[in-house]
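Here the structure comes first, spelled out in structure tokens, and everything after it is commentary.
The values are calculated or read from the model by the stated rules, or taken from the named source; none is laboratory data. Not measured: the values here are computed from a predicted model. A quick note on method: Cβ atoms are made from the backbone with ideal geometry, for glycine too, and the neighbour counts reach across all protein chains shown. Just so you know, the surface numbers come from the protein's heavy atoms only, side chains and all, with ligands and any DNA or RNA stripped out. Shrake-Rupley method; radii C 1.70, N 1.55, O 1.52, S 1.80 Å.
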Amino acid sequence: MKMETLNDANRQLIEATTEFVKNQLRDAEGGHDWWHIYRVWKLAKTIGKAEGADGLVVELGALLHDIADAKFNGGDETLGPEMTRQFLVDQGVDRKVIDQVEAIVRDISFKNTFGREVQRTLELDVVQDADRLDAMGAIGIARAFNYGGYQGNVMYDPQLPPRVNMTKEEYKKGKSTTINHFYEKLLLLKDKMNTDTGKRLAEARHQYMLTFLDTFYREWEGGNSVVF
Ligand code: ADP
Ligand code: NI
């Protein structure tokens, strides 16, 4: 099993990486701030351990995965992987580790991999599961309403049905409600999990979102909450 506790040198490297990432993301908006990275890092460690993934690659991949989101950099999808490589080279990290971490940062987002063959690795699967889990459950609900408010979207409009089978452009541009975002993305995530551990963790978060929606509709009409 490869997932071992990190040695002192690697521990220091992780510490330096957290400082670097915190500093880079100090002005990031709520959904992609340091605390998103922190949660994905924790989740990735848990999943990586259970799946027997390489601990160092998983931790570095999780910490660096949103270092330069293309959305906030004029659509530039090469910046994140480049910054990752440069940082790790400066830290004197092993070439093989750098290649693996750079691949995670490059391939974690579905849209970046369009029209290109992606080599799946266990470590990419783990970090991608962790990133997706952070869009689900109580945190996922909070992030969705935070993002919707930031965009000026309404929470819910009973007249506006969810958009299904959207093109990529429609998804990015179209106005929708935050409740619709659950049907357009969040409730679909559970079936996209890569690892068995990710699937298991996704199940509870998925159920929590269903209960939330159920309660939301009841309260919308003046009814009662779902009580556990
Ligand atoms: P990723 O984490 O893959 O970069 P996004 O940048 O699309 O994903 O989303 C960041 C967070 O904002 C996620 O929690 C996601 O659910 C939420 N979000 C994205 N688009 C919307 C939307 N239209 N309405 C509400 N929340 C959204
Ligand atoms: Ni992320």
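Selection over segment 115-131 of residues that are open to solvent by 50 Å² or more (accessible area, probe 1.4 Å) and not in a loop (DSSP other than H, G, I, E, B) gives a count of 1. Residues that are of a type in the set (A, V, I, L, M), within 9 Å of ligand 1 (Cβ to nearest atom) and modelled with pLDDT of 95 or more do occur in segment 143-160. For Q24, the conditions (1) within 16 Å of ligand 1 (Cβ to nearest atom); (2) of a type in the set (S, T, N, Q); (3) open to solvent by less than 50 Å² (accessible area, probe 1.4 Å) are fulfilled apart from (3). For segment 62-82, how many residues are of a type in the set (A, V, I, L, M, F, W, C) and at pLDDT below 95? Adding up the residues that qualify gives 5. As a summary of the residue check, L63 satisfies the conditions (1) free of Cβ contacts under 8 Å to residues at least 60 places away in the same chain; (2) more than 16 Å from ligand 1 (Cβ to nearest atom); (3) within 16 Å of D131 (Cβ to Cβ) except for the one numbered (2). Is it the case that segment 29-44 has a residue that's under 14 Å from V126 (Cα atoms), among the charged types (D, E, K, R) and either touching a residue at least 40 places away in the same chain (Cβ under 8 Å) or more than 15 Å from ligand 1 (Cβ to nearest atom) (or both)? Yes, that holds for at least one residue.
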